[in-house]
Structure formats: C-alpha cells, structure tokens
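Novice: Let me begin by handing over the structure; questions about it come next.
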C-alpha cells in the first residue's frame with residue numbers, strides 16, 4: 001500500500017466528496033418535494049393527477065439512473081435542449097428519487113390508523129388540515145426508515161455521475177487508476193470517502209427516528 005500516494009491525492013478525493021455530497025443533497029431535497037406532491041396526488045385520489053403520478057413512479061423506478069442521465073446529457077441535445085453536467089445529475093437524481101420518496105411517504109400515510117383520520121374530521125378539520133396536523137406527523141415517523149434507506153441509496157447512485165463528465169468520487173478513482181495504476185489505493189480512498197459520507201447520515205436518521213417515536217408520533221399506527 002502506497003501511503004504517500006494516498007496522502008498526495010486525499011485532497012482531490014475531499015473535493016470530489018464535497019461535489020458528490022452537494023449534488024446528492026440538491027437531488028434528495030428535490031426528490032422529497034416531488035415525492036410529497038405525488039403522495040398527496042395519490043392520497044386525495046384526483047383521477048388525472050393520480051394517473052400521472054402512477055405513470056411517473058413506474059417509469060422512474062423501472063429505468064436505471066444511468067439511462068436517464070444518458071438521455072438528459074446525450075439525447076436531449078439532439079433536439080436542441082442542453083443541460084450542464086451538474087444540472088443533468090440533479091435532474092436525474094430527482095427524477096429517480098422522487099418515485100422512491102413517493103412510495104415511502106405513501107406507506108407512511110397508509111400506516112396511520114383510520115381512527116386518527118376520523119378523529120381529525122370529527123373536530124372539524126378540513127382535509128388539508130387533517131393531513132397536515134394529524135396524519136402527516138404520524139406518517140412521517142413511520143416513513144423515516146424508508147426515507148433513510150432512500151437517501152443512502154440515492155447518494156450511492158451518485159457513483160454514476162461520472163458518466164456525464166462530472167468529477168465525482170467515482171470519476172476521480174477511475175482517473176487515478178487509469179493514470180497511475182494504483183488500484184488498491186484508489187479504491188481504498190473511494191470506500192473510505194463513501195463511508196465518511198454515509199455513516200453520519202445513517203446515524204442522524206436513526207437518532208431522528210428514535211426522537212419521533214419518543215415524542216409519540218406513529219404510536220397510534
């Protein structure tokens with residue numbers, strides 16, 4: 001193991017890790033927003049919106065992120081639509097992640113006991129108020145494990161961003177292997193970088209889940 005090589009290129013991995021994290025955070029936040037909108041469309045059973053949400057979820061979940069990125073980066077320019085590498089990465093991650101987040105939120109909503117819904121209606125809450133103050137807080141606690149799994153999954157999916165010339169962690173690892181043939185060292189730094197990114201997120205969501213359950217959300221489900 002060439003430790004001088006690791007020391008020399010650690011700053012490059014740190015820069016790539018920051019780029020990976022930044023793109024991942026943007027994509028995940030937008031994924032949650034898209035997932036919440038799809039979940040609401042499915043929950044309120046508006047025929048047109050519900051069908052659109054279903055088609056989107058099936059399309060996003062059954063096509064690989066790599067294919068989606070190729071379509072955005074190489075396909076759309078053929079018809080005059082061009083996005084930067086970063087924009088393609090965020091759009092692709094949002095498109096994929098929104099479908100998984102919608103399913104996570106939907107499972108949380110369905111886990112809320114019917115009596116809780118009826119209690120909210122009984123005290124005169126509108127459907128929107130019932131969703132916001134009664135159903136959603138309980139559904140969120142139930143959905144936290146699935147949301148956490150989706151967040152980790154999406155950050156790992158950023159490893160394909162190198163396909164659209166984005167200098168993420170995988171791009172740097174492949175570049176160093178190609179130039180210096182230091183496969184073991186390059187892959188070791190890649191594994192460590194992903195662990196540094198993902199372990200705090202996993203610990204944070206575990207803590208959040210315990211706090212929500214301790215506060216009483218989700219107990220009635």
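Novice: Got a number for residues in the stretch 100-134 being touching a residue at least 40 places away in the same chain (Cβ under 8 Å) and more than 17 Å from the chain's Cα centre (by Cα)?
Specialist: Residues that pass the stated criteria total 8.
Novice: Could you please let me know if residue 119 is out of contact with any strand residue (DSSP E or B) (no Cβ under 7 Å at 6 or more places or on another chain), under 30 Å from residue 192 (Cβ atoms) and assigned to a helix (DSSP H, G or I)?
Specialist: no
Novice: State yes or no: is residue 189 over 27 Å from residue 73 (Cα atoms) and either outside any helix (DSSP H, G or I) or at pLDDT 90 or above (or both)?
Specialist: Judged against the criteria, residue 189 is a match.
Novice: Let me ask another. Given the conditions (1) surrounded by fewer than 21 Cβ atoms within 10 Å (Cβ to Cβ); (2) closer than 15 Å to residue 16 by Cβ; (3) touching a helix residue (DSSP H, G or I) at 6+ places or on another chain (Cβ under 8 Å); (4) modelled with pLDDT of 85 or more, report the number of the one that residue 146 does not fulfil.
Specialist: In the conditions (1) surrounded by fewer than 21 Cβ atoms within 10 Å (Cβ to Cβ); (2) closer than 15 Å to residue 16 by Cβ; (3) touching a helix residue (DSSP H, G or I) at 6+ places or on another chain (Cβ under 8 Å); (4) modelled with pLDDT of 85 or more, residue 146 misses (2) alone.
Novice: Taking the condition under 16 Å from residue 34 (Cβ atoms) and part of a helix (DSSP H, G or I), does residue 153 pass?
Specialist: Spelling it out, residue 153 is indeed under 16 Å from residue 34 (Cβ atoms) and part of a helix (DSSP H, G or I).
Novice: Could you tell me whether residue 137 is assigned to a helix (DSSP H, G or I) and either in contact (Cβ under 8 Å) with a residue 60 or more places away in the chain or touching a strand residue (DSSP E or B) at 6+ places or on another chain (Cβ under 9 Å) (or both)?
Specialist: Answer is yes for this residue.
The values are calculated or read from the model by the stated rules, or taken from the named source; none is laboratory data. Bear in mind the structure is a predicted one, so any value in this text is a computation, not a measurement. No Cβ is skipped: glycine too gets one built from the backbone with ideal geometry, and neighbour counts run over all protein chains shown.
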